């Protein structure tokens, strides 16, 4: 039997139907905080080679042939004991397989059925293919990302897939778990990446409406302002410069003034001279190496820090002190977040891909002899 999990979600059973990154990310977040997550993959995808995907940590994996009646029946048996199911198919696919919300609520009315798609369960685009870049484009957010005069630039697939999708689904699961304590019934969660991406941009809609937030790359927080940008150093490194408040700006100039002349810098309060101010700062920061600037700004409120490579971030003193990163099976990776203080020490997530044994499925309602028969028939891997 699987060892008992610890954390605020201990005792919560989650079935995660395998899919692209946002679904596994939501499952990882739940597993990180104690949920018992069983990942359901295709039979042919389950091999003897260990998985080393960070988003599989703390989960167990089996393969089920969901195109066979036996595989569907097995999933229903598992769902009868589950608290949550994560589904990432196009709308209608789960229903055609016989594992849609109505099918599974018939065997477990307490089940929280989380559906994660790009466009949502209804609407003109619901059945159309798409990716993160498309969802954030339709949300309106992509039009606001990028340098002034340049084309819209997506922040890899963080905004739609992970923040607008996986994170929102995990949030929806927690809402539904909380509500179920009062109602005794599950919910269907319709988590659409286009909805999530739009919501993440909520802060800026007032400024857009009243004209204070202009085209991309011209505003205070989108690299329009020289006091909120990145600058190259003499050795090809970069600094993140963000002293927005006047007192932090003064602190930055005081530190820079120890090694360079800043007495005639253009005013930061006049957007008309921002290009000139940016040029001057560019020249100043290129005059020394990143390490030299790090030493100069160390311990200050200047809001100037190095732009770290991912591998550098793992070893950065603050991150090491906070244990922001950890290593599992030789793979450095972010630690679970957020931290819940005041109780036990933050728990460590499980292995990246712990082995699944037949008897592990008995507590999910699938006896070992039946699981063995399904494996022999090629329905279960």
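The values are calculated or read from the model by the stated rules, or taken from the named source; none is laboratory data. None of the values given here were measured: they were computed from a predicted structure. So basically every Cβ, Gly included, is an ideal-geometry build from the backbone, and we count neighbours across all protein chains shown.
The table that follows gives values for the structure above.
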| read-out | value |
| --- | --- |
| Tally, over the range 274-293, of residues that are assigned to a helix (DSSP H, G or I) and surrounded by fewer than 16 Cβ atoms within 10 Å (Cβ to Cβ) | 7 |
| Top-ranked residue in the range 308-332 [being touching a helix residue (DSSP H, G or I) at 6+ places or on another chain (Cβ under 7 Å) and outside any helix (DSSP H, G or I); ranked as surrounded by the fewest Cβ atoms within 10 Å (Cβ to Cβ)] | 331 |
| Conditions (1) farther than 23 Å from residue 52 by Cβ; (2) outside the structural domain of residue 78 (by TED's automatic domain parsing); (3) part of a helix (DSSP H, G or I); (4) touching a helix residue (DSSP H, G or I) at 6+ places or on another chain (Cβ under 8 Å); number of the one not met by residue 371 | (2) |
| Test: residue in the range 259-278 that is within 18 Å of residue 243 (Cα to Cα) and touching a strand residue (DSSP E or B) at 6+ places or on another chain (Cβ under 8 Å) | yes |
| Residue match in the range 195-204 (condition: in contact (Cβ under 8 Å) with a residue 40 or more places away in the chain and in contact with a strand residue (DSSP E or B) (Cβ under 8 Å, 6 or more places away or on another chain)) | no |
| When residues of the range 44-70 are limited to those that are touching a helix residue (DSSP H, G or I) at 6+ places or on another chain (Cβ under 8 Å) and part of a helix (DSSP H, G or I), the one nearest to residue 26 (Cα to Cα) | 55 |
| Options 37, 84, 46, 14: the member that is modelled with pLDDT under 95, within 27 Å of residue 372 (Cβ to Cβ) and either outside the structural domain of residue 158 (by TED's automatic domain parsing) or surrounded by 17 or more Cβ atoms within 10 Å (Cβ to Cβ) (or both) | 46 |
| When residues of the range 156-169 are limited to those that are out of contact with any strand residue (DSSP E or B) (no Cβ under 8 Å at 6 or more places or on another chain) and touching a residue at least 40 places away in the same chain (Cβ under 8 Å), the one nearest to residue 187 (Cα to Cα) | 167 |
| From 267, 300, residue being assigned to a loop (DSSP other than H, G, I, E, B) and farther than 30 Å from residue 332 by Cβ | 267 |
| Condition check for residue 255: farther than 20 Å from residue 275 by Cβ, modelled with pLDDT of 95 or more and in a helix (DSSP H, G or I) | yes |
| Output for the range 126-155, where each listed residue is in a helix (DSSP H, G or I) and in contact (Cβ under 8 Å) with a residue 40 or more places away in the chain | 132, 135, 136, 138, 143, 144 |
